[in-house]
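**Q** Got a structure here, written out as structure tokens. Questions coming.
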Amino acid sequence: MGQGLEPIFTPELPISAASSTFKEAAFKESTFTNAYEFTQGTGYQLPEYPFVPPPELATGTTQRHAVVIVGGGIAGLTLACGLARLGVKCVLLDEDNTVGVKGASSRGICYTQKSLEIFHKLGIYERIAAKGIQWSVGRTFAGADEVYSFDLKQQSHYSLSTQPPFINIQQFYIEGYLVERIYQLGHVDMRWKSRVTHFEQHHHQHDSKHASFATLTVDTPAGSYILQADHVIDATGSHSPFHAWCGATKTSTRGDDRWCIADVRFKVRPPTERHTWIEAPFNDNRAVWQHLMADDVWRIDYQMAPNANAEEVSREEAVRERLERQFGKDVDCEIVWVGPYAYRSQCVDKLRIGSVFFLGDAVKIVSPFGARGGNTGISDADNLAWKLAAVCKATAAPALLDSYHEERLEAAKQNVLVTNRTARFLRPADGMERVFRSAAISLAKQYPFARQLVNTGRMAVANAYTRSGACAPSGGFSAQNVALWFDARGARAGTLNDLLLWCEGRMLLLVFGRIPARDVPRLRDLALRLPVRVVQVVETKVTQRNAHDAEHPVAVEHVFDLQGHLRRATLKPSERWTLVRPDAYVVGSGESGPAWRSQVTAMLSKAIGAAP
């Protein structure tokens with residue numbers, strides 16, 4: 001029932017287009033130098049990409065583009081890759097010619113299941129899984145005592161997906177994989193060493209709410225030029241010049257919490273677990289984080305005194321002294337990188353101003369507790385990519401783009417709130433906050449109920465959308481990338497992502513169980529009129545004993561959910577159908593009945609911005 005296209009998942013097609021990898025990888029593994037400079041990042045050698053003079057410099061003309069992304073960090077690259085996968089042309093401008101940040105650290109390291117599911121759709125997950133470190137067990141200590149431990153694989157938020165709860169890997173690896181994937185897919189004009197120095201919006205004569213296009217002035221090594229864009233995506237980070245150019249307002253707080261990172265390689269490896277100390281005896285009873293990344297490099301975060309001097313805590317002697325206090329005098333290790341930092345939180349009030357959409361750290365800054373920084377930017381990009389593609393292809397109304405602000409601002413505010421609470425627990429004010437923390441730690445050592453009060457970072461999950469105009473009250477949550485089958489024998493396995501990739505930016509309507517014969521032509525007509533593909537989900541296996549009563553697929557496009565994982569991931573037990581967006585968020589679901597097809601139609605209109 002998919003707009004007259006070929007039947008889904010024919011034997012000749014690859015089982016999982018999302019899991020393809022690159023045989024010829026141009027992005028080399030990171031190497032480390034022995035020359036150690038504090039806060040300069042010389043321990044990491046990053047790839048460099050060539051500057052190519054843009055056509056505007058040769059022709060002297062100003063070209064108009066549908067989408068221009070400014071900033072080639074993890075959020076901007078994820079958006080560019082998402083648009084490329086959907087066949088939408090765009091320009092990406094980055095003032096550097098590499099991934100990561102020259103003179104900075106490995107930055108983000110901990111990538112959530114939702115981010116990994118997104119990377120699975122984009123075709124780079126297998127490389128991340130092969131390079132990174134999977135983990136699910138975390139242990140929390142107070143002094144010398146273990147307060148509690150957890151295994152994320154046992155939690156319902158993570159248990160159904162084919163991707164693990166977390167993978168630790170240096171951020172520049174993921175950015176490098178994204179760059180290579182973008183070059184492979186095409187559609188994206190990657191312009192390195194291109195800095196935007198001026199910006200101006202041009203409004204509709206009779207519509208001051210939305211700008212018709214924007215003009216950007218770009219400086220390059222070969223000279224300056226001007227280009228125009230219908231949609232400008234600001235992925236330039238927390239110090240974005242677009243905030244001032246657009247008059248963006250924001251809420252900011254800055255605390256006195258100080259930390260120092262040490263990226264270290266040990267001759268003898270500690271356990272591959274997330275260890276956190278609330279009051280580490282080897283760090284003056286301050287907090288410590290310990291994570292393993294790729295290349296046998298450990299990220300260790302040491303909480304410093306509020307008045308700590310950045311240069312002093314970054315000295316090699318000071319770093320090695322902390323490592324010896326933690327691991328013993330005979331610790332044999334190589335220091336790869338060190339950098340001090342301070343936390344602050346910030347969130348813009350509007351994610352869209354005219355033709356500009358803020359993305360990633362240009363939206364919000366959070367403390368890194370719970371991996372809610374870069375992962376939020378990845379989800380920002382996944383949210384915006386399919387909406388921009390649908391509007392550019394005229395399969396959705398321009399009003400759909402307003403839902404980006406509604407959904408991702410809610411996510412940003414929630415993540416700021418959660419991380420600020422963790423920061424207060426780890427750096428409590430004198431008085432009641434410190435008394436509460438001491439009491440929570442003491443109780444948690446003896447009573448399981450009190451462990452939820454110990455806040456060393458609430459691990460990130462996909463944010464729910466409760467205020468979205470593009471989702472029904474029954475939707476607004478992310479469906480995990482569950483396994484399913486394309487034949488009754490279970491010989492041909494796939495995932496929900498495979499269905500979403502097959503939809504090519506359309507909505508996915510899953511109809512569970514029997515489909516009456518009279519509904520088949522009506523559903524086929526629905527798929528012809530609206531940007532949706534319909535798939536029947538068969539939930540029982542046909543055997544000789546139940547051949548008469550069992551569900552038989554009547555739709556050409558059908559899958560088997562014999563373990564019930566797809567049902568659990570997308571709807572309630574009593575419901576029959578669910579509508580899933582290209583970003584794997586559920587628009588809504590419902591039960592069977594005489595009006596169910598009209599409910600689906602109304603929900604589709606809401607999902608594509610056409611509902612009043």
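The values are calculated or read from the model by the stated rules, or taken from the named source; none is laboratory data. Not measured: the values here are computed from a predicted model. For neighbour counting, all protein chains shown are included, and Cβ atoms are generated from backbone atoms with ideal geometry for every residue, glycine included. Accessible surface areas use protein heavy atoms only, side chains included; no ligands, DNA or RNA. Shrake-Rupley method; radii C 1.70, N 1.55, O 1.52, S 1.80 Å.
**Q** Under a 1.4 Å probe, what is the accessible area of the chain per residue, stated in Å²?
**A** Values: 25480 Å² over 612 residues.
Heavy-atom SASA per residue in the chain reads 42 Å².
**Q** Right, another one. For the chain, place one equal point scatterer on every Cα, skip the solvent, and apply the Debye formula. What is log10 of I(q)/I(0) at q = 0.07, 0.08 Å⁻¹?
**A** For the chain at q = 0.07, 0.08 Å⁻¹, log10 I(q)/I(0) is -0.46, -0.60.
**Q** Another question, then. Counting Lys +1, Arg +1, Asp -1, Glu -1, what net charge surrounds PHE358 among other residues with beta carbon under 13 Å of its beta carbon?
**A** Taking every Cβ under 13 Å from that of PHE358, the sum is +1.
**Q** Compute the acute angle (0 to 90°) between the alpha-carbon long axis of helix 402-426 and the principal axis of greatest extent of the alpha-carbon atoms of the chain; round to the nearest 10°.
**A** For 402-426 against the chain, the angle is about 30 degrees.
**Q** Let me ask something additional. With all protein chains present, how much of the accessible area of the chain (probe radius 1.4 Å) comes from carbon and sulfur, to the nearest whole percent?
**A** It is 51 percent, rounded to a whole number.
**Q** When only the heavy atoms of the protein chains count and the probe is 1.4 Å, how do PHE425, PHE449 rank by accessible area, highest first? Walk me through the intermediate numbers first.
**A** Working: PHE425 15, PHE449 125 Å².
Order by accessible area, largest first: PHE449, PHE425.
**Q** Computed FRET efficiency, Cβ-Cβ of ASN285 and ALA493, R0 45 Å: what is it to the nearest 0.05?
**A** Working: r = 50 Å, r/R0 = 1.12.
Approximately 0.35, to the nearest 0.05.
**Q** Using r as the Cβ-Cβ distance of ARG529 and ALA222, and R0 as 41 Å, what FRET efficiency do you calculate, to the nearest 0.05? All intermediate terms of the calculation are to be shown ahead of the outcome.
**A** Numbers: r = 49 Å, r/R0 = 1.20.
In this case the efficiency is close to 0.25.
**Q** Follow-up question, since we're still on this one. Compute the acute angle (0 to 90°) between the alpha-carbon long axis of helix 596-607 and the principal axis of greatest extent of the alpha-carbon atoms of the chain; round to the nearest 10°.
**A** Computed tilt is about 40 degrees.
**Q** Let me ask something additional. Which whole-number percent of Cα pairs in region 341-417 have a distance greater than 14 Å?
**A** Details: 1712 of 2926 pairs.
Tail of P(r) above 14 Å: 59 percent of Cα pairs.
**Q** Restricting things to alpha carbons, tell me how big region 230-366 is in terms of Rg and Dmax, in Å.
**A** 19.0, 60
**Q** Still on this structure, I have one more. Among GLU95, GLU279, what's the order by accessible area (1.4 angstrom probe), most exposed first?
**A** Sorted descending by solvent-accessible area, the residues read GLU95, GLU279.
**Q** For HIS198 and GLU539, FRET efficiency with R0 = 45 Å and r from the beta-carbon atoms, rounded to 0.05?
**A** Values: r = 58 Å, r/R0 = 1.29.
In this case the efficiency is close to 0.20.
**Q** A further question follows. Counting every Cα pair in region 228-276, what percent are over 12 Å apart? Could the numbers behind the result be given before it?
**A** Working: 963 of 1176 pairs.
Considering region 228-276, 82 percent of its Cα-Cα pairs are separated by more than 12 Å.
**Q** Semi-axes of the equivalent ellipsoid for region 258-332, please: Cα gyration tensor eigenvalues, times 5, square-rooted, ordered largest first, whole Å.
**A** The answer is 19, 14, 12 Å, longest axis first.
**Q** Any idea what Rg and Dmax come out to for region 137-205 if you just take the C-alpha atoms, in Å?
**A** 22.1, 68
**Q** So what is Rg over Rh here for region 293-435, counting just Cα atoms and using Kirkwood for Rh?
**A** Using only Cα positions, Rg/Rh for region 293-435 is 1.12.
**Q** Here's a follow-up. Cα centroid distance between region 41-101 and region 321-391, in Å?
**A** 20
**Q** Also, I was wondering about something else. By how many nm would the segment from GLN154 to ALA130 grow when fully extended, if each residue of separation counts as 0.36 nm and the alpha-carbon distance is taken off?
**A** Numbers: separation 24, 0.36 × 24 = 8.64 nm, distance 2.29 nm.
Separation in residues times 0.36 nm, less the Cα-Cα distance, equals 6.3 nm.
**Q** Step by step: find N for region 357-504, compute 2.2 N^0.38 Å, then divide the Cα radius of gyration by it. What's the final number?
**A** Taking N as the residue count of region 357-504, the ratio is 1.37.
**Q** Any idea of PHE213's accessible area? Nearest 10 Å², probe 1.4 Å.
**A** So the heavy atoms of PHE213 present about 40 Å² to solvent.
**Q** How do SER478, SER194, SER252 stack up against each other in accessible area, from largest to smallest, with a 1.4 angstrom probe?
**A** SER252, SER478, SER194
**Q** Right, next: Give the peptides 348-354, 166-172, 262-268 in descending order of average Cβ contacts within 10 Å, highest first.
**A** Peptide ranking by packing, descending: 166-172, 348-354, 262-268.
**Q** Given the whole protein assembly as supplied and a 1.4 Å probe, what does the accessible area of ARG258 come to in Å², nearest 10?
**A** 70
**Q** What distance in nm separates the simple spin-label points at ARG254 and SER598, each placed 7 Å from Cα in the Cβ direction?
**A** Rounded to a tenth, the inter-label distance reads 5.9 nm.
**Q** How large are Rg and Dmax for region 491-539 when only the alpha carbon atoms are used, in Å?
**A** 11.7, 34
**Q** Roughly what angle does helix 171-185 make with the longest principal axis of the chain, taking Cα atoms, 0 to 90 degrees, to the nearest 10?
**A** Approximately 30 degrees, to the nearest 10.
**Q** Same structure again: Any chance you could run the full-extension gain for THR215 through LEU57? It's 0.36 nm times the residue separation minus the Cα-Cα distance, nm to one decimal.
**A** 55.3 nm
**Q** Sticking with this structure for a sec: What is the extension gain from ASN307 to VAL137, computed as 0.36 nm multiplied by their sequence separation minus the C-alpha to C-alpha distance, in nm to one decimal?
**A** Going from the current span to full extension adds 57.9 nm.
**Q** How long are the three semi-axes of the equivalent ellipsoid of region 450-600, in whole Å, if each is the root of 5 times an eigenvalue of the C-alpha gyration tensor, listed from largest down?
**A** On the way: eigenvalues 159, 82, 43 Å².
So the equivalent ellipsoid measures 28, 20, 15 Å along its semi-axes.
**Q** May I pose another question? If you count only protein heavy atoms and use a 1.4 Å probe, how large is the accessible surface of TYR225, to the nearest 10 Å²?
**A** That residue has around 10 Å² of solvent-accessible surface.
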